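What follows is one structure encoded as structure tokens, with my remarks underneath.
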Amino acid sequence: MAAQENEDKREFPGVTFVVPLDAFRREAVKSATGATAVVDSNDIYTRIHEAKAAAKTAEDAESLSALEVLGQISTYHFAPDDRIEPFRPLAIMQGRRSPIPTDLLSDQIVILAELVPDIGHHAFRARVADVCWLLNKKDAGSGLWAVAAYVQCVRLVLSGDAKFDFDESDAASVPAAEYLTRATIIARSMGWKRSEFDPLRQIIADVSQHALDADDGWGFIHIGPINLSNHVWEFAQTAQAAKILAASAKLVGDHPARRSLWELAGRAYLSTKEIENSNRCLIEAAETYVADADARQDSAAVQVHFLNDAIQALRPIPGTADRRRALQDRLNAIQPRILDEMSSFSHESDITDLVDAVEAEVRGRTLPQVVRALLMCEKSPDPEKLRQGALKAKHSSLADLFSTTVSDKQGRTRFIAPGRDLNAPPDENQVRFLMNRNDSIRRSFVVSGKINPIRRALREEHSVSVDALLPIMRASPFVPPHHEYTFAIGAAKFIGGDELEAAHLVLPQLENSLRHILSLSGVETNRINQDGTQEEAMLSRLLGDFREPLLQIMPAALIQEIDLLFNFRGGPAIRHELAHGKMTDGEFWSADVTYSIWLVLHIVVLPTLRFWDDVATEMTHRGRR
């Protein structure tokens, strides 16, 4: 990949040598980057890719070099709300990555800045100008070009003269919100009150009014926070619009949308110091959790999850004590039913049509379908079968007569698996060691044969944002309140192939999530020490003292996988190695770490399968198509 030192010392235009301005002004390049009726990134990526193929066939080396530079820029993953790194690598695999802006030579950036006014494709002009400004904040001209181009993209869609990718014609859609979010970040860095940014403020106001007039609640969920955070409308006007849309007949039954709008209204009133109005809106938002619980009479676990969310949302609001007590009483009455719902976590789902010929089968499907396929692409092995396989191997190998030592990176002994005693019952530590060793082959196959191909298809065909993954985290009882963003960011990093960041975000959550689902079931995992302090159960104790309650909630196969991967010192010992900073850079891309992150996210998604259609609908609303 462009940022890595390749063994063949291949030259990369723009990275290892500068492509002159004249090459970018050749007809083949101008044609590829000309204006179209589509103002989005997938469109320009496709056009540049096709133009590169044509230039290669025509042996047009100058055009090809210029298109290679522009092609790199077209692959950047857009993260508009990230002030530091708005353009990230599209993929990270095995410590290698696809291109990022800082790969480009500084002299190449100067040439690209000169090229910006000649780029006809509005979305690509915005991207190239943004990259130039990002790498040289003194280049005010590129910053102004970027903001103007982002605004023009949304303006063209609002007027009906253009569309975003995938035939998206709504100016209050996710792509529009992404462009305007990035434009406001640039504008605020350069001076928000500059007259050059009047069109930006105007398009935010126009799109907000468009969403309100069209009774488009989800559209206002996208544009309203941009309006509010930049004070384009008066705060009270934003609050009133959010309240009107929250009460719309279109959103009856769409509790996540109503919740988002009531929360937006509450924040807007809070900005005007209207505390009572803000609290009233936040109470309405909290009540949408209760409505979610009312809609899930088929699942006690999900009802308890949403009721707990409602209680937590009401807690900081004065005057809600009676309502919280009533909800707590209802939660307590439902809790005993959770133990009868092992199926919430052991839900069987036939996704053969998605995982057969893995990568080919997931291509062309919707984002929710492919995310579900990824997180449901494997079942945990049956504990008894795995144990019998270990015992069979144990009795057929001469090597197992001798003890096996497991050492850490410093050569210190971490675990000793005792050798086989022919005259004694099997040693449990050796059996677990063999179970893990045998299962590591399966885990490696799952990573290379299922997880990686599906992730590759996701990255190439979908723009996977944190917002698009949030509905899964918010719907899952496995995710504690106020941990949803952590899980969603970790999941996005995992899909992008960045195991190093994903591991640090997702894996430490496992222990707390196990305590959380036990708490939802009415099981207290804290203990009071002699000095009066309270101590939470760590993973080893959860899997020991609280194994029976866990077995009432989760299938034994899942608990065994958690034990062998995270807790057992004769296995990968993921928890210990990560928590104590012992993992080396390369180990984060090992099959065991990749599988461990997948396993935690797999557990997250399992209880949402009962109402996956609703989750998928919200994912579609919050993400790109």
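Numerical summary
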| item | result |
| --- | --- |
| The stretch 21-190 - percent of accessible surface contributed by carbon and sulfur, probe 1.4 Å | 50 percent |
| FRET E, pair ALA556, ILE84, Förster distance 56 Å, beta-carbon r, rounded to 0.05 | 0.80 |
| Amide hydrogen neighbours beyond the local backbone of PHE87, cut-off 5 Å, H modeled | ALA79 |
| 222 nm mean residue ellipticity, helices alone, for the chain (DSSP H n ≥ 4; -39,500 (n - 2.57); rounded to 500) | -18000 deg cm²/dmol |
| Mean-position separation - Cα centroids, the stretch 76-143 and the stretch 230-275, in angstrom | 35 Å |
| Amide hydrogen neighbours beyond the local backbone of LYS163, cut-off 5 Å, H modeled | VAL38, VAL39 |
| Whole-number percent relative contact order across the chain, with pairs defined as alpha carbons under 8 Å at least 6 apart | 11 percent |
| For the stretch 64-72, Karplus couplings with θ = phi - 60° (6.51, -1.76, 1.60), whole Hz, Gly/Pro x | 4, 4, 5, 5, 4, 4, 5, x, 4 |
| Rounded to whole Hz, the Karplus (6.51, -1.76, 1.60) HN-Hα couplings of the stretch 500-505, x for glycine and proline | 4, 6, 4, 4, 5, 8 |
| Distance-filtered residues of the stretch 501-525 - backbone nitrogen under 14 Å, label point 7 angstrom along MET538 Cα→Cβ | 511-512 |
| Angle in degrees between helix 591-605 and the longest Cα principal axis of the chain, rounded to the nearest 10 | 90 degrees |
| Viscosity 1.567 mPa s, temperature 4 °C, Stokes-Einstein D of the stretch 21-190 from Kirkwood C-alpha radius, µm²/s | 80 µm²/s |
| Spin-label zone in the stretch 21-62 - amide nitrogen under 12 Å from a point set 7 Å from the Cα of ASP118 along the C-beta vector | 21-31, 33 |
| At most 13 other Cβ within 10 Å, DSSP loop - trypsin sites (Lys or Arg not before Pro), the stretch 107-138 | LYS137, LYS138 |
| 5 angstrom amide H check on PHE12, placed H, neighbours 5+ away | PHE17 |
| Net dipole in debye of the stretch 21-190 [+1 Lys, Arg Cβ; -1 Asp, Glu Cβ; about Cα centre; nearest 20] | 400 debye |
| Nitroxide proxy distance, nm - points 7 Å out along Cα→Cβ at TYR485 and ASP167 | 3.6 nm |
| Tensor-based shape of the chain (alpha-carbon gyration tensor, a/c under 1.5 rounded, otherwise prolate or oblate) | oblate |
| Within straight-line cross-link reach of LYS243, lysines at Cα separation under 21 Å, skipping those fewer than 8 residues along the same chain | LYS273 |
| At most 12 other Cβ within 10 Å, DSSP loop - GluC sites (Glu not before Pro), the stretch 516-617 | GLU524 |
| Residue-wise HN-Hα coupling along the stretch 323-338, computed from phi with Karplus coefficients 6.51, -1.76, 1.60 (Hz; x: Gly, Pro) | 5, 5, 5, 5, 5, 5, 4, 5, 4, 4, 6, 7, 3, x, 6, 4 |
| Projected label distance in nm at LEU391 and ALA37, using a 7 Å step from Cα toward the beta-carbon | 7.0 nm |
| Chain lengthening between ASP545 and SER195 when straightened (0.36 nm per residue, less Cα-Cα) | 119.4 nm |
| Extreme residue, positive dipole direction of the chain, given options VAL174, VAL157, ALA54 (C-beta unit charges) | VAL174 |
| Dipole magnitude of the chain about its Cα centre (Cβ charges: Lys, Arg +1; Asp, Glu -1), debye to nearest 20 | 920 debye |
| In degrees, nearest ten, helix 174-190 long axis to first principal axis of the chain (Cα) | 70 degrees |
| In degrees, nearest ten, helix 612-622 long axis to first principal axis of the chain (Cα) | 30 degrees |
| Within the stretch 303-320: backbone nitrogen closer than 15 Å to the ASN526 label point (7 Å, Cα to C-beta) | none |
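The values are calculated or read from the model by the stated rules, or taken from the named source; none is laboratory data. Being a predicted model, the structure only gives us computed values, none of them experimental. Ideal geometry is used to build each Cβ from the backbone, glycine not excepted, and the neighbour counts take in all protein chains shown. Surface accessibility is based on the protein's heavy atoms, side chains included, excluding ligands, DNA and RNA. Shrake-Rupley method; radii C 1.70, N 1.55, O 1.52, S 1.80 Å.
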